[in-house]
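Everything on this sheet refers to the single structure shown next.
No lab work stands behind these numbers, since they all come straight from the coordinates. Since the structure is predicted, the reported quantities are computational estimates derived from the model, not experimental observations. Neighbour counts are summed over all protein chains in view; Cβ atoms, including those assigned to glycine, are modelled from backbone coordinates with ideal geometry.
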Amino acid sequence: MEEFNIFNLLIILAGAWVGGAAAKKLGYPAILGELVIGIILGPAVLGMLETSEMISILAEVGIILLMVYIGMEINFRDLGKASWPGLLAAIGGFVVPFGLGYYTIILFDGTQMAALFVAIAVGVTSLATKSRILVDLKLLNTRIAYVLMAGALISDTLALIIFAGLMSFVDVGNIDTLGLTWVAGKAILFFIFTAVGGIYLLPLLGKTLSRAKIKDRTLHFTLILIIVFGFAELAELAGLHSILGAFMAGLFIRDGVFNRQISKEINDIFHDVSIGFLAPIFFVSAGFNVTLDIFQTDLWMLIAVTLVAMIGKIGGTALFYLPSGYGWREGLTVGTGMNGRGAVEIIIAGIGLEMGIISAEIFSILVFMAIFTTLTVPVFLTWTTKWLKNRGELIHQESRKGFLILGANPLGIHLAKHLAKENDVTLVDSNRDMVELAKNEGLNAIFGNILKEETMEQAHAIDKGTFIALTANSEINLLAAQLANDSFYIPKKIVLMDPKESGAGVDLLDRIDASSMFAAKTKLDPWTYKLSSNSAAEHEILIEEEMSTRQWIKEQKKQQKDFLPILIINPEGQKRPFHFHDTISPGEKIIYLQ
């Protein structure tokens, strides 16, 4: 029997990998492929697999670790910068579908408790879905991207809080005043204890480990697992679900507790263990509980729930977004982006099924609703963003603003002077004369070794949105970019690559999600000489059709050889560095040296 269970596990993991890979190939999150594979391999279609005790235990551990990772991914710094429009989008995108979902189930003679679970499920949204789609549509540097991310995080957090309250009453029958006070009191005590532990005790633990100079990653991972399951057990004792404890643990572990490098590595481990191993077991096995009979017996309920989920999410977001002052069209665009469902919705639905609060039919409806609504996101979001773009209403915006430039040479200074007109720019160099030269130009410059964390901290790297490595040494550039990525989580890394650099350097660029400066390997010295001798002329050209930065360079090389594109200016007048992973849109301008 144990061998059969192990074989089940093997098939589940292989199926999850195939389904997830296929979904990602089509531009959707892996969770959709995992759910579909579970439906196909489970009793609903082929009947090859079914849930066992071992699979159930692994799946439960999977969702606990996944909720930790989701908590770790929430950056309150980013939320704060899109707080007002993100809050409006979150409230509208949650409250309206919540209400519509609740009354839809009541109309179909469902119980109040089942209606509440469905309401929560249709109200949540999927962060993972939008993250991938925003990258594919090149929208990460737009205002709607940050509103979408903030809205998703606030919406999911709101859903989990309501879910916590709901869980407090699930096992309670007739509630008198004393019973109601006791149930609410336990939930409040849970949040107080976890908040005190997260705000005061965990940083104290981190400082103790730091003072003792303990940097053993395995020890840190074990300690974090103890913290996570400790928080999860506290949630269970409070009458809540363990996922609430795991989520709270993830929130507090994310930043400022342990060494930055250790934190980054632990985050990666949780990503691999949860998303790469245990969470797929949960989502594939969730597909085992789906029944296709609903297409015959409950088709109208499926259609109704899917429609209210879509209309409520898109319409509610657009309506509540109006006070932001950004217009109903942008609200509609944000609504289409928030229409996808994902991990949190399926987890909540699965818990409801396990506890007998919702039936297998309603669970199946929620799974198919998640699939159908998520399938609409890239289509609707593409249409609406193109609509905004054509009207000139697609606003570019960075969450973590500012530039950290390595290299106070003439080219670095020239680039910094352009960017410093609208941004916070800091130059770093190990040459004191270069640093003094930059300061004489009115720029903020720091003397120090960029490969030391103290120098990065002095330059406030944790607040910067873009790191540019602009020295003649490609190896230093790559190592500095890796430090910026691993220890300070700077989202954009742009690195100057020397023509002599081998392919290994380009591979490292891909591993840290970095891009090559000037969209081509470039020798620095000739351009620093031209700028220092005032023999470089600056030109500007208007782009009339969309193209990649690489395509533009290829076209220009047919006409001229000696040129260096340094900046792109969008229609709002905002400048950004010219690099490989970028697309130039019609109406944008390129500044280049010749």
* Inter-label distance, nm, simple model (7 Å from Cα along the C-beta direction), Phe221/Ala537 -> 5.9
* **Label corresponding to Cα Rg over 2.2 N^0.38 Å when calculated from the structure given, among (i) 1.05; (ii) 1.25; (iii) 0.98** => (i)
* Asked: Taking the Cα-to-Cβ direction at Gln559 and at Lys386 and moving 7 Å from each Cα, how far apart do the two end points lie in nm?
  -> 2.8
* To do: As a check on your grasp of the helix formula, calculate [θ] at 222 nm for the chain: sum -39500 (n - 2.57) over DSSP H runs of n ≥ 4, divide by the residue count, round to the nearest 500.
  => -20000 deg cm²/dmol
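If we count other beta carbons within 10 Å of each Cβ, what is the order of Phe447, Phe270, fewest first? Present the calculation step by step, with values, prior to reporting the outcome.
Working: Phe447 18, Phe270 24.
Starting with the residue having the fewest Cβ neighbours, the order is Phe447, Phe270.
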* To do: Sticking with the crude label model, points 7 Å out along Cα→Cβ, report the distance from Leu451 to His271 in nm, one decimal please.
  => 2.5
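Quick one: of the DSSP bridges fully inside the chain, what percent are antiparallel, nearest 5?
Once the DSSP bridges in the chain are tallied, antiparallel ones form about 45 percent.
Give me the number: length gained by fully extending Leu237 to Ala22, i.e. 0.36 nm times residue separation minus the C-alpha to C-alpha distance, one decimal in nm. Could you put the intermediate results ahead of the total?
Details: separation 215, 0.36 × 215 = 77.40 nm, distance 4.05 nm.
Net length gain for the segment: 73.3 nm.
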* To do: Principal axes first, then extents: for the Cα atoms of segment 403-593, list largest minus smallest coordinate on each axis, whole Å, largest first.
  => 44, 37, 34
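FRET efficiency for Glu422 and Asn444, Cβ-Cβ distance as r, R0 = 22 Å, nearest 0.05? Please report the intermediate quantities before stating the final value.
On the way: r = 14 Å, r/R0 = 0.65.
My answer for the efficiency is 0.95.
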* Taking the Cα centre of segment 253-311 as the origin and placing charges on Cβ (Lys, Arg +1; Asp, Glu -1), which of Ile311, Leu278, Ile253 is farthest toward the positive end of the dipole? -> Ile253
* For Lys421, go through the lysines and keep the ones whose alpha-carbon is under 24 Å away, minus same-chain ones fewer than eight residues off. => Lys81, Lys401, Lys439, Lys464, Lys492, Lys493, Lys530, Lys575, Lys589
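Fully extended, how many nm does the chain gain between Tyr103 and Lys500 (0.36 nm per residue separation, minus their Cα-Cα distance)? Walk me through the numbers before you get to the answer.
Values: separation 397, 0.36 × 397 = 142.92 nm, distance 6.63 nm.
Result for the pair: 136.3 nm of gain on full extension.
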* Asked: With the dipole of the chain worked out from charges on the C-beta (+1 for Lys and Arg, -1 for Asp and Glu) around the Cα centre, which of Tyr326, Ser487, Ile541 lies farthest toward the positive end?
  -> Ile541
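Need the full-extension length gain, Asp513 to Met355, defined as separation in residues times 0.36 nm minus the C-alpha distance. One decimal, nm.
Numbers: separation 158, 0.36 × 158 = 56.88 nm, distance 4.25 nm.
Stretched out fully, the Asp513 to Met355 stretch lengthens by 52.6 nm.
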